[in-house]
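What follows is a single structure, written as structure tokens, with notes after it.
The values are calculated or read from the model by the stated rules, or taken from the named source; none is laboratory data. Just so you know, these numbers come straight off a predicted model, no measurement behind them. Here Cβ is always computed from backbone atoms with ideal geometry, including for glycine, and neighbour counts include all displayed protein chains.
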Amino acid sequence: MVLAELYSETNGVYGDYGVSYIWSTQQLIKENMFFRTLHEYRDSMMPLHNFLFFSDAGNGDLFGYSLLNGRVPGDNIYVWNHEDDSRIVIASSLEEFIEGWFTGRIFV
């Protein structure tokens, strides 16, 4: 499953107490627009325009796909650490990410 397939079936994935595991499409657009301009006022950061974020950890860290020429080149899911600007692969697919996020195997 890829993110587009998930969005064709639902507008986000939510848990108890309004927790958003996968953002709605509206939130995805809003958050990506914000974070793509974030580097303009934080000179110490690498640009974030090469990511498509679709979820957050609730602590400022974000989850998403890498982008190459405006397209998602692979299935890996990355976490961007807002404190040190690192970007690491956290899951090899959206399915692995969702399962790990729900079961607590993925945490930041």
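Hey, any hits in segment 33-56 for a residue that's assigned to a loop (DSSP other than H, G, I, E, B), at pLDDT below 95 and within 12 Å of the chain's Cα centre (by Cα)? Yes, the conditions are met somewhere in segment 33-56. I'd like to know if segment 1-10 contains one or more residues that are modelled with pLDDT of 90 or more and β-branched (Val, Ile, Thr). There is no residue in segment 1-10 that is modelled with pLDDT of 90 or more and β-branched (Val, Ile, Thr).
Which of the residues belonging to segment 65-105 are within 21 Å of residue 49 (Cα to Cα) and of a type in the set (A, V, I, L, M)? Selection gives 67, 68, 72, 77, 79, 88, 89, 90, 91, 94. In segment 57-108, the residue that is modelled with the lowest pLDDT out of those that are farther than 20 Å from residue 35 by Cβ and outside any loop (DSSP other than H, G, I, E, B) is 102.
Of all residues in segment 11-32, those satisfying the criterion of being surrounded by fewer than 16 Cβ atoms within 10 Å (Cβ to Cβ), part of a helix (DSSP H, G or I) and at pLDDT 85 or above are 25, 26, 29, 30. When segment 62-93 is filtered for residues that are touching a strand residue (DSSP E or B) at 6+ places or on another chain (Cβ under 7 Å), within 17 Å of residue 29 (Cα to Cα) and surrounded by fewer than 17 Cβ atoms within 10 Å (Cβ to Cβ), the ones remaining, listed by number, are 66, 67, 72.
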